[in-house]
Amino acid sequence: MSLPFVFCLAGDSYLIDQKRAEIISQIRNSVPGEIAESGYRLSEGMLERALRDAQTLPFLIQYQIFRMRETDGLRKHELEMLEAYFKTPVRTTYLIFEAEALSAKQGLAELMQQHAQVFILKDDLKKSLGTKLIRDKLKRHGKTIEDEARMHLENQMGGSPGMLDSVLDQLVLYAADKKEITAQMVESFEENWAPADVFKLTNAIIDRKRSDALMFLTELLSSDQEMGSVLGVLHWQLRRFWKGKVLLEEGLSEDAMLKKCGVSPRQAHFFLRQIRNLSRERLEKALQQLLELDCRQKTGQAEGTELLEAWAIRVTS
């Protein structure tokens with residue numbers, strides 16, 4: 001059976017990344033010839049350009065895949081433009097739309113239900129993904145893990161696979177030549193774990209203490225932390241703040257919010273103090289800038305350390 005030409009992925013960004021990679025692999029295995037990949041941020045008014053680009057193929061390319069990001073704010077005329085495209089879609093261009101959620105209030109949701117293969121990636125998938133991630137990553141490195149240690153990692157970070165992936169990389173290095181990761185090893189590792197410094201960094205950012213933020217950032221980057229790990233931990237923490245803010249605005253109690261965000265009792269007071277001083281708008285802006293920074297760093301547009309320092313200056317202004 002042939003694949004559809006339009007997909008819609010809704011849910012956690014890590015789950016979206018996993019599903020998108022799976023879909024792209026399926027496309028590459030199902031069609032012949034060269035395939036090009038491109039990305040479009042629809043919040044920047046790029047829908048019209050994307051649909052225009054979909055009409056033609058680059059030289060020597062037989063198929064193309066477009067990643068359509070930031071779809072939440074599409075306006076009425078853009079939805080009409082998209083609906084018109086769906087009436088006569090181009091059969092050599094695959095469109096993958098991504099959204100944090102598909103709300104019935106959004107015109108996009110109705111269009112996707114009619115014209116796309118929709119995947120709603122629920123949060124309960126993250127824990128099972130976390131279990132698989134621990135097993136597969138440690139197996140690749142020739143290591144095993146005690147059940148108590150595995151359960152501790154799953155309870156602490158099973159709902160944040162991106163963060164768990166970053167921590168596992170560091171834990172493998174911490175274990176050195178030891179073949180089994182024990183609960184005692186995990187506990188010892190956590191005492192000097194990067195998030196402790198990230199809490200200091202996010203605290204300085206929230207209080208707009210620029211010099212402190214830059215100092216803590218320098219300490220993180222000079223402590224043998226990989227740039228990807230630092231970005232991953234920062235994104236994980238800021239996204240937890242954002243999720244907590246949204247849950248509180250929706251009327252959830254503080255205790256219920258802390259549980260849903262995976263905040264340990266010893267971190268609860270600190271987490272609540274920080275979240276009370278943050279606006280949802282400021283968090284969303286900081287997260288968006290961090291994602292753009294990650295993209296620029298990965299594509300080699302600028303040196304990662306300089307980008308992260310510039311980000312810290314912007315979010316503390």
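Below, the figures for the structure above:
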read-out: Answer from V167, V198, V233 - the residue that is at pLDDT below 70, within 18 Å of the chain's Cα centre (by Cα) and β-branched (V, I, T); value: V198
read-out: Near pairs, Cβ below 8 angstrom, 6+ apart or cross-chain, from region 166-184 (assigned by TED's automatic domain parsing to the domain that holds M151 and surrounded by fewer than 22 Cβ atoms within 10 Å (Cβ to Cβ)) to any residue that is at pLDDT below 80 and of a type in the set (A, V, I, L, M, F, W, C); value: Q170/F189; Q170/W193; Q170/A194; Y174/F189
read-out: Candidates S253, S223, filtered to the one that is modelled with pLDDT of 85 or more, over 22 Å from the mean Cα position of the chain (by Cα) and outside the structural domain of H152 (by TED's automatic domain parsing); value: S253
read-out: Conditions (1) assigned by TED's automatic domain parsing to the domain that holds G39; (2) buried (at least 20 other Cβ atoms within 10 Å of the Cβ); (3) modelled with pLDDT under 80: number failed by G130; value: (1)
read-out: Index of the failed condition, L121 passing every other in (1) over 30 Å from H152 (Cβ atoms); (2) in contact with a Lys or Arg (Cβ under 7 Å, 6 or more places away or on another chain); (3) surrounded by 15 or more Cβ atoms within 10 Å (Cβ to Cβ); value: (1)
read-out: Close pairs from region 207-220: first assigned to a loop (DSSP other than H, G, I, E, B), partner among the β-branched types (V, I, T), Cβ under 8 Å, at least 6 apart; value: R208/T316; K209/T316
read-out: Candidate set from region 1-28 (those that are modelled with pLDDT of 90 or more and surrounded by fewer than 14 Cβ atoms within 10 Å (Cβ to Cβ)); member that is farthest from W236 (Cα to Cα); value: R28
read-out: Residue count, region 29-41 (criterion: closer than 20 Å to L291 by Cα and either exposed (fewer than 14 other Cβ atoms within 10 Å of the Cβ) or at pLDDT 90 or above (or both)); value: 4
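The values are calculated or read from the model by the stated rules, or taken from the named source; none is laboratory data. Every value quoted in this text rests on a predicted model; they were computed, and no experiment measured them. Cβ sites come from the backbone with ideal geometry, for glycine too, and all protein chains shown count toward neighbours.
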